[in-house]
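Worksheet: the structure to be examined is printed underneath.
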Amino acid sequence: MTSDRPLPGLWLPLITPFRYGRLDEASLRRLARHYTGSRIDGFVLCATTGEGPTLSEDESERLVEVVAAEVAGALPIILGQCGSDTSRLAAALKRSAGWPVYGYLITVPPYSRPSQEGLFRHFSALASETAKPVLLYNIPYRTGVNLRNETLLRLAEISNIVGVKDCCADVQQSFDLLRLRPASFCVLTGEDTLFYDALVHGADGGILAAAHIETERFARVRDSLMANDWLGALQEWRELVDMVRLLFAEPNPAPLKHCLWRTGLIDSPELRLPMAGVSASLATRLDSALARCAQPGARITGSALGRGPRRNIRATSAAAAPGAED
């Protein structure tokens, strides 16, 4: 493993807390303070875990402002961008040029399924619109098209395309990318359940939604492997992986938001449609898991898990009015 590439380590794709259909800034500040004091290496905002597709431009800007103010330069912030219109994304990059973000995470265009040449031209055009570092995000089971290694390696020759969030779900493709990439090109896994395996194969870290929970243990897995303590890392991972799998038993970020609400880090597990809250059965399993793995700094015991019957927190749209069921 190596740490001399740009953007290595454990990155947190922060959830976006909502309350009555609006951005919950109090909870957002609480989250930013909590995780700034943890073992993460940076934040990713407005990405899938942050329900980025449901955020308005004004909300995205405010989200960045609030987190940047709390972080106060202690950690870098990467802004998620997703879309199938290259010109619109280019305009979004220009609009956010003055925002306090270190760089961008740009997803393969969803639904349109462009050719590999189209993907190359798309990302080349976007990289030319900013001087900031760009991470590519390859997740074909969401977008419908795979950014192949040949295309990735061509894009890696562009100076400010510095790495990839790899969710290709093809072990051979990921392994070959790690073998063939340039020395300066960073590979971060986005497959939470494959974090240990990706690090063993040479990945530089991960952008992991599950690291909202048991953050310190995720960091210890990477630290142990960096120190060539393979058995120590494996033991940590064995104790962590069941919780990771549980957090993806239903669509992300609903299980995460339930857990963060139960620990007191956010005031509501509210999501925006089309995302919906967790089932009652999963909520019970998550509560039991949280009681077994209390995270330092979170209020998991006592009042948090003793709140009595859970309220029926309904997913709402951005237009939900104050006073709606929470």
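Just so you know, all these numbers are worked out from the coordinates, no wet-lab data involved. Because the structure is a prediction, the values reported are computed rather than measured. When we count neighbours, we look across all protein chains shown, and the Cβ atoms used for this are built from the backbone with ideal geometry, even at glycine.
Let a ≥ b ≥ c be the square roots of the eigenvalues of the Cα gyration tensor of the stretch 229-277; is it rounded (a/c under 1.5), or, if not, prolate (a/b larger than b/c) or oblate? Prolate.
Between the stretch 220-279 and the stretch 131-172, the C-alpha centres lie 24 angstrom from each other. Each residue, ARG33 and SER288, gets one label point 7 Å from its Cα in the Cβ direction; the gap between the two is 3.5 nm.
When +1 charges are put on Lys and Arg Cβ atoms and -1 charges on Asp and Glu Cβ atoms, the dipole computed for the stretch 1-137 relative to its Cα centre reaches about 120 debye.
Every helix of 4 or more DSSP H residues in the chain counts as -39500 (n - 2.57), and over all residues that averages to -12000 deg cm²/dmol at 222 nm.
Overall shape of the stretch 78-157 was characterised from the C-alpha gyration tensor. The equivalent ellipsoid obtained from it has semi-axes of 20, 13, 11 Å, in decreasing order.
Placing a label point 7 Å from the Cα of PHE248 along the Cα-to-Cβ direction, the residues of the stretch 126-144 whose backbone N falls under 15 Å from that point are 138-143. Put a plus charge on the Cβ of each Lys and Arg, a minus charge on the Cβ of each Asp and Glu, and nothing anywhere else: the dipole of the chain about its Cα centre is then about 440 debye.
The modelled label-to-label distance between VAL200 and ILE158, using points 7 Å beyond Cα along the C-beta direction, is 3.5 nm.
Between GLU216 and ASP170, the modelled label-to-label distance comes to 4.1 nm, taking each label 7 Å out from Cα in the direction of the beta carbon.
Overall, the stretch 59-124 carries a charge dipole of about 240 debye about its Cα centre when +1 sits on the Cβ of Lys and Arg and -1 on the Cβ of Asp and Glu, all other atoms neutral. For the stretch 93-192, chymotrypsin sites (Phe, Trp or Tyr not before Pro) meeting the loop criterion (DSSP other than H, G, I, E, B) and having at most 13 other Cβ atoms within 10 Å: TYR111. Across all directions, the average projected area of the convex hull around the alpha carbons of the chain is 15.6 nm².
Loop-only check: which trypsin sites (Lys or Arg not before Pro) in the stretch 100-205 are DSSP coil with at most 11 other Cβ within 10 angstrom? Intermediate values should be presented prior to the final figure.
On the way: sites: ARG121, ARG142, ARG148, ARG154, LYS165, ARG179; in loops: ARG148.
Listed in order of number, the matching sites amount to none.
Among ALA280, THR86, TRP99, pick out the residue whose Cα is farthest towards the positive end of the charge dipole of the chain, where Lys and Arg carry +1 and Asp and Glu carry -1 on C-beta, about the Cα centre. Checked the options; the winner is ALA280.
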